[in-house]
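Take this structure first; my questions come after.
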Amino acid sequence: MGLLRIMMPPKLQLLAVVAFAVAMLFLENQIQKLEESRSKLERAIARHEVREIEQRHTMDGPRQDATLDEEEDMVIIYNRVPKTASTSFTNIAYDLCAKNKYHVLHINTTKNNPVMSLQDQVRFVKNITSWKEMKPGFYHGHVSYLDFAKFGVKKKPIYINVIRDPIERLVSYYYFLRFGDDYRPGLRRRKQGDKKTFDECVAEGGSDCAPEKLWLQIPFFCGHSSECWNVGSRWAMDQAKYNLVNEYFLVGVTEELEDFIMLLEAALPRFFRGATELYRTGKKSHLRKTTEKKLPTKQTIAKLQQSDIWKMENEFYEFALEQFQFIRAHAVREKDGDLYILAQNFFYEKIYPKSN
């Protein structure tokens, strides 16, 4: 072969090398195609085996009915934090409930107290778990997180929530108490008649805009323990983080509400089928706005950001935002500026024993 290479003219040697390279590329391409075909065949076989198993279970017993019963037994609790677009999101649930066949119930506590008495906690847990006529059910209200496991229930509800940048939330709440919103414009608010701006309130050290008023999202996620409501408690923030990750199905942010709705529709279509389109095109579901709201100055924001309370609430918000964006990154893809939910990206294989 070495003698042949020496005797061949340079052009023929080059052609031989090129031909060899082309042949190798062709072979690699064919091997890759064979690998892809083998992978597709394995997936098809696996899907076929899964279908056979499902059919056998359907013939043998009520396994498939049990899955349907699970959906019909589902309860979602949205313990909404005030002024986080909670009414806008809840209206979507009301708009969809008749079409998707579930019940929506508002948890109305006296004076909007987010902490229930012990006896009310027992009553609430009993209602949620045993009120079959209201299942599947979507419960919403300004109530702090309640751990159902403490009451010995076999099946806990699904918790969801939405939170907001803490200063933006407080500013919105401040003006809401004075001017209301366009949802119920005729309703007289608690601070109606007070024309003082948020900037003026902060400059004067007013109570309605004090840093302590920022302490709300952490205790809502922390729950019914006394320490949750001790302003500035590090234990409360750690517990709120733990609950957000371990006890909540999904927590979105006001600033990215549409993505939150899209993920819910993909994951829980029994409740949220059609929610994304409704949010994008609906005329009433997401139009609630606080009236007469004036954005705070940089000086006002900087003053609030000096407080340890803001630092903790903001840390919790950033934690929630990072968690939400992580979930979203693994669930959607962007194309031409639009987000698309990923199709199922796992399958089962090597299922034994083999069916006869």
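The values are calculated or read from the model by the stated rules, or taken from the named source; none is laboratory data. Keep in mind it's a predicted model, so treat the numbers as computed, not measured. Cβ coordinates were reconstructed from backbone atoms using ideal geometry, including for glycine residues, and neighbour counts include every protein chain displayed. Remember, those area values only see protein heavy atoms, side chains included, never the ligands or the DNA or RNA. Shrake-Rupley method; radii C 1.70, N 1.55, O 1.52, S 1.80 Å.
What three numbers, in Å, describe the spread of the alpha carbons of segment 70-339 along their principal axes, ordered from the longest?
Principal extents (largest minus smallest coordinate, Cα): 55, 47, 40 Å.
Ok, one more. Exceeding 31 Å between C-alpha atoms, which entries from my cross-link table qualify? They are LYS83/LYS196; LYS156/LYS303; LYS150/LYS213; LYS154/LYS213; LYS311/LYS335.
Numbers: LYS83/LYS196 20 Å; LYS156/LYS303 42 Å; LYS150/LYS213 29 Å; LYS154/LYS213 37 Å; LYS311/LYS335 36 Å.
As for pairs spanning more than 31 Å Cα to Cα, those are LYS156/LYS303; LYS154/LYS213; LYS311/LYS335.
Return the lysines within reach of LYS350: Cα separation strictly under 16 angstrom, same-chain partners fewer than 8 residues apart disregarded; answer none if there are no such residues.
LYS40
What number comes out for accessible area per residue over segment 70-339 if the probe is 1.4 Å? Units Å², please. Don't skip to the end; give the middle numbers.
Working: 13730 Å² over 270 residues.
Solvent-accessible surface per residue comes out at 51 Å².
Excluding ILE167 itself, calculate the net charge of residues whose Cβ lies under 15 Å from the Cβ of ILE167, where each Lys or Arg counts +1 and each Asp or Glu counts -1. Show your work: numbers first, answer last.
Values: positive: LYS83, ARG164, ARG169, LYS213, LYS293, LYS294, LYS298, LYS303, LYS311; negative: ASP165, GLU168, ASP199, ASP208, GLU212, GLU255, ASP308, GLU313, GLU315, GLU318.
Neighbour charge sum, excluding ILE167 itself: -1.
Taking the Cβ of LEU339 as the centre, find all other residues whose Cβ is under 14 Å away and add up their charges (Lys, Arg: +1; Asp, Glu: -1). Each step should come with its number before you reach the end.
Numbers: positive: ARG280, ARG328, ARG333, LYS335; negative: GLU256, GLU258, ASP259, GLU265, GLU277, GLU334, ASP336, ASP338.
Net charge in that neighbourhood comes out at -4.
Ranked from highest to lowest mean number of other Cβ atoms within 10 Å per residue, what is the order of the peptides 347-355, 111-119? Numbers along the way, then the final one.
Values: 347-355: 9.3, 111-119: 12.0.
So the peptides 347-355, 111-119, ranked by packing, come out 111-119, 347-355.
Search the structure for amide H atoms under 5 Å from the amide H of VAL104, placed 1.01 Å from N in the peptide plane, and list their residues when 5 or more places away or on another chain.
When sequence neighbours closer than 5 places are left aside, the close amide H contacts are PHE138.
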